[in-house]
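Right, one structure below, let's go through it.
The values are calculated or read from the model by the stated rules, or taken from the named source; none is laboratory data. Quick caveat, the model's predicted, so the values are computed rather than measured. Note: ideal-geometry Cβ built from the backbone for every residue, glycine included; neighbour counts use all protein chains shown. The protein model used for the area step is the full one, side chains on, heavy atoms only, and it has no ligands, DNA or RNA in it. Shrake-Rupley method; radii C 1.70, N 1.55, O 1.52, S 1.80 Å.
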Amino acid sequence: MIASTLLPSRFRGEQPVSQAAAPSWLNRKVTPLLQVLAKLTSTHPIHTIVVVALLASSSYLGLLEDSLFDATSSVRKAEWSSLVEGSRRLRAGPETAWKWQNYDAEAPVPENADHLALLTLVFPETMSADASRAPPVVNAVPIPQNLSIRALPSTSNSFTTYAQDSALAFSLPYNQAPEFLAVAQEIPNDIPVQETRETENGKEKKMWIMKAARVQTRSSLVKWARNAWVEFTDLLKNAETLDIVIMALGYISMHLTFVSLFLSMRRMGSNFWLATSVLLSSIFAFLCGLFVTTKMGVPISMVLLSEGLPFLVVTIGFEKNIVLTRAVLSHAIEHRRPEKSKGAKKSDISSSVIQSAIHVAIKEKGFEILKDYAVEAGVLIIGAASGVQGGLQQFCFLAAWILFFDCILLFSFYTAILCIKLEINRIKRHVEMRKALEDDGVSRRVAENVAQSNDWPRADGQDKPGTTIFGRQVKSTHIPKFKVLMVSGFFLINGLNLVSIPFRSASSIADVSSWARGLGGVVTTPPVDPFKVAANGLESILQSARTQNRDTVVTVLTPIRYELEFPSIHYDLDQPAPSNADHEYADLGYGGRMVGSILKSLEDPILSKWIVVALAMSVALNGYLFNAARWGIKDPNVPTHPIDPKELADAQKFNDTESATLPLGEYIKSVPATPSIPPTPSLTDDEGDAPPAKTVPSGPAPPAVPRTQQELEKMVLDKRAHELSDAEVVALSLRGKIPGYALEKTLKDFTRAVKVRRSIISRTKATADLTGLLERSKLPYQNYNWAQVHGACCENVIGYMPLPVGVAGPLVIDGQSYFIPMATTEGVLVASASRGCKAINSGGGAVTVLTADGMTRGPCVSFETLERAGAAKLWLDSEAGQSTMKKAFNSTSRFARLETMKTAIAGTNLYIRFKTTTGDAMGMNMISKGVEHALSVMRNEGFDDMTIVAVSGNYCTDKKPAAINWIEGRGKSVVAEAIIPAEVVKSVLKTDVDTMVQLNVDKNLIGSAMAGSVGGFNAHAANIVAAIFLATGQDPAQVVESANCITIMKNLRGSLQISVSMPSIEVGTLGGGTILDPQSAMLDLLGVRGPHPTSPGENARRLARIVAAAVLAGELSLCSALAAGHLVKAHMQHNRSAPPTRTTTPAPMAMSTGIDRSASTTILSAAAIERARR
């Protein structure tokens, strides 16, 4: 158990939720320090980013100046001390059974042993078809006469064919090797076709010159990269196939880790920037770790980095950043509404939300993240001290430093980035919501007020965020399992390597003796593998030593590379001597040297380009902050996981009306009498975190000495009416001194204005007989956000009308489950819809298709003559007219887009039906504004004699039954379908498929046709539409056309196929009644509140699909009740037969059993039986 807790969290996977244990002593000590660091960085995020960027840049400059990126130090020099670095000693003799074994380089060579040096000279790209690059022969190598040199067979590898390199191998006494290499620094290339060039000293030819002898006059990142690439290719050439396969898998896994990072951040709603910030933080940590490592004298090469970095990225990964991000986003939602102190600014409140979220997230996850870092760093430190050869020591040392800096940057740099991201997203939500409401005709004050309440997403009612700050909730991925497999495979391969050591050659056994040399081995250059470099040469030397029976020690040097180049270019003879400009700042102290170093580094072409890129990104970021541009946010309407049948069944059971009703005759205690005091509703959403609401004040107390009429009127003129008592305001209003519609503005208190208006209406003499009781009526008015109503939803407000809201469902719509909110006073309606939902879910849920989307406005314009009206119609129907009107209309809004125009003439009147998309707003105000502007442009296009009769000429048609809406559609046109299995029809709906199909034909089709119905070929679509409209803040008057529906049922291979086609559903998710808190809460329940973050209009279209699917459930349930004869009984049970002493929702009356009902519906008449026999 203890071992499992030490294992990093990403390898443990997602753990089951359990009660949190008390924090340990170390946790209590460490966590506050992390919180202090995070608080400092989140309070000053810009300063933090700038400081970290400067430190990372300084590390880069240090590496560029005199360390890793110095091209002069990244290659060896043509000196014996440099060329011998990384060599390996082997010994063979009678004591080793004539098998090569490792020999300690610091141990003295026995006197009776021969000490030889084995040299390998490599000539790149000499096996190509280019004759000028022919490899030199052994005789072409200059060999002094006094040296005993023996040519050996070269050793090829699997990459020789592809690399086209050739090599020469020599053995000679070790003490003669320095002299030979000094002479062999240049090898002539006497080929007739060899290229020549003119110099000051005459013609010169290309020669094979030792690459280590090349003169490096200037450090350059390009030169360093070129040398590093050569080292890397040399490594590949000398590598075994298994090593290459493992490295390839490592690189593939590294890139998969990058992909998983972007996918994880994308699931949290950030398509690019958060993942990029994580990578940037890791790069900064890498630069700092690399700088410290090289400054401590540890040799780091490109080969070492290319081998180790993939496995470091795969095993360490980016889960810590993802865990911290998920925690911060979750807590940002939970703390989205802090208590507002007096005088607190809105920006301070939003900042406190972000800082509080970071503070709580680090308290919850900080110590666990830090523990993971400590465990990983400890393992790496053990690896650095183990003495393992092959560069593993050096890389473990580097990786430990990288982890150290990555930990610091996670709680500083990345936290600052996350803080800025949250603030940008809050601004984006605020601005988009405000602009969308203003486009829909809402005043700026109300739009600003509503936008403030939309800064953070709402919770889903389950103590979990419904959506994250950027999009959907993050689910656990399979990346931890993948990493466990990768790491396990890595250890398995190395374990098999160790186990197989006893079965290898003696040389392999000797390799183990070099292990466990301590941390001091970290600063040594990784040695070469002699058997990969010179296996054939070692075999030849071994045979010779065995023949002579001489103990032999061989020092195998790292292969020495040559390049074919002109000597003047290779030695850089054409370049002038370096100037002393580099030292002009040397006398200015440390600060001067720093400035000089920075100015010198700016000459580097790579760094200068990075600076330009950084400046451009800085400008873009600042513009982004000021304009609150669009961020990639996940679509909240797309299901994140398939429907769980068990969860769906549990939800249906919870909402099952059959289990909720009482058995017949069960006695219920009488309900206490309703108090006469008007009820005060529960707190609204925005009051949930605020202190308990107090009783509404009655205004200033009346003065001790009553004011005169002149004093009262003067206070009104001086705009001090809010200082008057309620009685004085009522008296002035009754005299006509204060208009009733202006009470909110005059009293500067919305709730007090509503209270005073009730008093005024109660005391109005003309209606006192009827309205005298209003002041003390049960119509509630307290604890309501009237600021959102004022100027947007209602005028002359005297209270609000509470309606019971129930939920039907759950209903599976297009693969996602919904509870359908319905506000109604009709009993059985919600229960009936729930029964329909249950039946639909049993068949796999409802499927919807959106066939059209376009709100309409049909103005009427008039001309003096029919000829002019006809000309206008022709122009509007032409391509030029369509283009002009579209351009004019679209210029009035960011969301409204003109799709089509339909024209019709009646006498000299011309009716134009504009059909447009309006984003997520229902859009009547938006489209009316666009129509007015388009008509004004039309008048300037040669129709100045046009008279605008009405912006709405009833050709829309709005809030009236009309065939044009039924035929052409208006708003959203949706078709919903479900297939119900026959057994479900019998068990849930208590009828059969054929009866349902026949009932639908007789009732909904023939019956409606007999009545001359337009759009009314359904059972009760308006019932469902009206209930959802009231619950979600839609315009109730638009139920007239929104309820247009035709219900079709078919017998589909024994199952019931039911569909509803609704061509004119008029809904919106912002503006109008949707801005009120209760209605917006219901839109939150459906996940469609406000504007869609990435696809304008998608939330409104989703709401239309939900409405159509709910109508489908209602149609199914009612038709089945009619078919089974249950309708009247159900209504009587729920609404008509309650005894005075029983509950207001009575128990159901006695009914026949399901078997009896089924039998009664399937008994055929004698005539039917006779027809069946025919």
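A few comments on the model shown:
- All conditions in (1) over 49 Å from the mean Cα position of the chain (by Cα); (2) modelled with pLDDT under 90 hold for Ala742, with the sole exception of (1).
- Answer residue from region 894-910, given it is surrounded by 20 or more Cβ atoms within 10 Å (Cβ to Cβ) and in contact (Cβ under 8 Å) with a residue 40 or more places away in the chain and is farthest from the chain's Cα centre (by Cα) among those: Leu910
- Failed item in (1) farther than 30 Å from Leu324 by Cα; (2) at pLDDT below 80; (3) open to solvent by 40 Å² or more (accessible area, probe 1.4 Å), with Lys205 passing the rest: (2)
- Pairs with Cβ under 7 Å, 6+ apart, first in region 394-417 and assigned to a helix (DSSP H, G or I), second charged (D, E, K, R): Leu403/Glu376; Leu410/Lys320
- All conditions but one from (1) touching a helix residue (DSSP H, G or I) at 6+ places or on another chain (Cβ under 8 Å); (2) of a type outside the set (A, V, I, L, M); (3) open to solvent by less than 40 Å² (accessible area, probe 1.4 Å) apply to Cys793; the one that does not is (3).
- Evaluation of Asn1004 against (1) farther than 23 Å from Thr856 by Cα; (2) open to solvent by 20 Å² or more (accessible area, probe 1.4 Å) (one fails), failing number: (2)
- Checking each residue in region 853-867 for being buried (at least 16 other Cβ atoms within 10 Å of the Cβ) and either of a type outside the set (S, T, N, Q) or part of a loop (DSSP other than H, G, I, E, B) (or both) picks out Asp853, Gly854, Met855, Arg857, Gly858, Pro859, Cys860, Val861, Phe863.
- Counting the residues of region 819-852 that are open to solvent by 10 Å² or more (accessible area, probe 1.4 Å), of a type outside the set (S, T, N, Q) and farther than 26 Å from Ala1123 by Cα gives 4.
- Selection within region 699-752: residues that are part of a loop (DSSP other than H, G, I, E, B) and basic (Lys, Arg). The member of this set that is most open to solvent (accessible area, probe 1.4 Å) is Lys719.
- Residues of region 1078-1101 that turn out to be surrounded by fewer than 24 Cβ atoms within 10 Å (Cβ to Cβ) and among the β-branched types (Val, Ile, Thr), as a count: 1
- Screening Ser759 against (1) among the small types (Gly, Ala, Ser); (2) surrounded by 15 or more Cβ atoms within 10 Å (Cβ to Cβ); (3) over 26 Å from Val705 (Cα atoms) leaves a single unmet condition, (3).
- Residue in region 945-963 that is within 30 Å of Ala1121 (Cβ to Cβ) and charged (D, E, K, R) present: no
- Residue count for region 103-149 satisfying the condition of being open to solvent by less than 50 Å² (accessible area, probe 1.4 Å), closer than 25 Å to Arg91 by Cα and among the hydroxyl-bearing types (Ser, Thr, Tyr): 2.
- Restricting region 762-790 to residues that are part of a loop (DSSP other than H, G, I, E, B) and aliphatic (A, V, I, L, M), the residue that is surrounded by the fewest Cβ atoms within 10 Å (Cβ to Cβ): Leu773
- Given (1) in contact with a helix residue (DSSP H, G or I) (Cβ under 7 Å, 6 or more places away or on another chain); (2) farther than 18 Å from Val52 by Cα; (3) in a helix (DSSP H, G or I), index of the condition Arg266 fails: (1)
- Subset of region 397-416 (residues that are crowded, with 22+ Cβ neighbours inside 10 Å, β-branched (Val, Ile, Thr) and within 17 Å of Pro45 (Cα to Cα)): Thr415
- If only residues of region 992-1001 that are in contact with a strand residue (DSSP E or B) (Cβ under 7 Å, 6 or more places away or on another chain) and either surrounded by fewer than 18 Cβ atoms within 10 Å (Cβ to Cβ) or without any contact (Cβ under 8 Å) to a residue 60 or more places away in the chain (or both) are counted, the one that is nearest to Glu1041 (Cα to Cα) is Val997.
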